[in-house]
Amino acid sequence: MKRIKNFSESEFLKLVFSVWTAAFLIAAVCMPDRSSMGVGLVRILTSPCKLSTNYFSVGGYAATFLNVGLVSLVFLGMILLFRVQPGKVSVLAFLLTSGFCFWGINVLNIWFPVFGVLLYCLVKKEKPASQMNAMLFSTGVTPLISELMLRYPYGEVVGFHFSGVLIALAVGLSVGFFLPAGLTHSPAVHKGFDLYSAALPVGMMTFFFNALLYKTMGLSVPAGPDASTYAVASGVIVNGFFGALFVLCIAGAFLLGCRPKDYWKLLRGPKPESTVAGTYGNGVFLMNMGLYGLFVLAYYNLVGASFNAITAGIILCMLSCCNDGSHPGNVWPILLGYGAASWLCGILSGAVGGTFSGAIHAQGLLVGLCFASGLSPVSSRYGWQYGFLASIMHYLLVTSVPAIHGGFCLYNGGFTAALICLILIPELERFVGTKKAEKK
């Protein structure tokens, strides 16, 4: 433990990624349906995965955890092979990708966009290590890759076929090749108020290819999975797995010397200029991972979420910003805003005779809330009331945005957050900034 205390941030993050990867693989062989793990994994690899596909329903519990572990292992291997020094964005990229392995990414559909990023490195003569995060973020289009390989241009799944694989290769390479430029430009668009910054270029690319391959060709976008598949869930498995990991994170933080007063500095302080680990130390980062994780897990239990693979994945996705400044102290206005919006819209829908489907525990809104947490910088910069407002706006848009990209963008909620920034941040800069200036 003394040696670990002296780890640099990048060394410590590699250790964290390794532990998480091992945890997924160990969990796979501990699942009650482990005897069918191989068959289940094949079903996951050969099934479409449009938003939102519950891998617990497709392949079972063991196969889902195996898929998460294998993809995590692939990218961990790349991090070590390319001698990447993980930093600010690496936690976001790694945990986000691992989270989506529960319901959209699999060990087969990741390769074409990753090859596209490697092609970019070859053409631009850049080291792959410099674009490791881009490789991870490129997997946000994998539902489209699977869709093209398995049933495009048909309405039904026909299995892997030459033309579909060829189109998937072209799309994947294109996305991966052009994504690094989009990632560089994205923060200038939302001005740093959307922590899921990669969602903007990924969302725009899936928007483009959805229009090109379906709308322009006169083809109908295949429907997503039936809502009945969401019922395959287990609160015991999800709460047990993540609860144990988060408690271990807290225990590890104490062993590294983190104390409550150290964590309190994070909760009360401004958004870190660099990272939580870089500003407050590895122990505080690990403490935030554990406490923020338990906070998220408690919220999903409180609202009565169905603990399917999608819910399991979004716990990880929400946790992915824990090194970039998200914590219970600046995320609670987002949670409160979603709850208030659901309550108010339910009343208004009834008043106008509508059919209300926006209950706070509805699957689409549980996912939306996860990515609304990426608007936490609004709370940190302008105050909790504006984070509350941003959350309500996110609630109103998040279930409508999939129509733009056809349900092929895993970063739908983060893409929505970027749209909220485009609407809200200019107004806050103009009016809230003026009010602060008048007080001086």
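Once the dipole of the chain is set up with Lys and Arg at +1 and Asp and Glu at -1 on Cβ about the Cα centre, which of Ala298, Ile425, Gly368 lies farthest towards its positive end?
Ile425
Give, rounded to the nearest 20 debye, the magnitude of the charge dipole that region 332-440 has about its Cα centre when Lys and Arg contribute +1 at Cβ and Asp and Glu contribute -1 at Cβ.
Charge dipole, region 332-440, about its Cα centre: 380 debye, nearest 20.
Could you grab the relative contact order for region 255-360? Cα pairs under 8 Å, six or more apart, rounded to a whole percent.
Computed over region 255-360, the figure is 27 percent.
With respect to the cross-link table entries Lys125/Lys191; Lys5/Lys50; Lys14/Lys191; Lys5/Lys124; Lys125/Lys271, which display a Cα-Cα separation exceeding 31 Å?
Lys5/Lys50; Lys5/Lys124; Lys125/Lys271
Using a Gaussian network model on the chain with a 10 Å cutoff between Cα atoms, which of Val29, Val202, Val398 fluctuates the most?
Highest fluctuation among the options: Val29.
Sorted by accessible area with a 1.4 angstrom probe, largest first, how do Trp332, Trp103 fall?
Trp332, Trp103
Which of Val331, Pro270, Thr206 sits closest to the plus end of the dipole of region 203-351, meaning its Cα is farthest towards the positive end, when Lys and Arg get +1 and Asp and Glu get -1 on the C-beta?
Pro270
Considering the dipole of the chain built from charges on the beta carbon (Lys and Arg +1, Asp and Glu -1) around the Cα centre, which of Gly257, Leu136, Val42 is farthest to its positive end?
Gly257
What are the GluC sites (Glu not before Pro) within region 67-156 that DSSP puts in a loop, where the Cβ has at most 15 other Cβ atoms within 10 Å?
Sites meeting the loop and neighbour criteria: Glu126, Glu156.
Per residue, how big is the convex hull of region 293-440 when only Cα atoms are used? Give it in Å³.
In region 293-440, the Cα hull volume divided by residue count equals 127 Å³.
In the Gaussian network model of the chain, springs joining C-alpha atoms below 10 Å, which of Ser379, Ser228, Ser320 carries the largest mean-square fluctuation?
Between Ser379, Ser228, Ser320, it is Ser228 that shows the largest mean-square fluctuation.
With an 8 Å cut-off on Cα pairs and a minimum separation of 6 or more residues, tell me the relative contact order of region 1-146 in percent.
Computed value for region 1-146: 27 percent relative contact order.
Pick from Trp20, Trp111, Trp264: which residue has the top mean-square fluctuation in a GNM of the chain where Cα pairs under 10 Å get a spring?
In the Gaussian network model the winner is Trp264.
In sequence order, what are the phi-derived ³J(HN,Hα) couplings for region 108-122 according to the Karplus relation 6.51 cos²θ - 1.76 cosθ + 1.60 with θ = phi - 60°, rounded to whole Hz, with x for glycine and proline?
Each residue of region 108-122 in turn: 9, 7, 7, 6, 4, x, 5, 4, x, 5, 5, 5, 4, 4, 5 Hz.
Relative to the present Cα-Cα distance, how much length would full extension add between His361 and Ala340 at 0.36 nm per residue of separation?
That works out to 6.3 nm of additional length.
Mind putting together the pair-distance distribution for the chain? All Cα pairs, 20 Å bins, whole percent per bin, short to long.
It works out to 26, 61, 13, 0, in whole percents.
The values are calculated or read from the model by the stated rules, or taken from the named source; none is laboratory data. Just so we're clear, the structure is a prediction, and the values are computed from it rather than from any experiment. Because the Cβ atoms are built from the backbone with ideal geometry, glycine has one as well, and the counts that use them run over all protein chains shown. All accessible areas refer to the heavy atoms of the entire protein, side chains included, with ligands and DNA or RNA removed. Shrake-Rupley method; radii C 1.70, N 1.55, O 1.52, S 1.80 Å.
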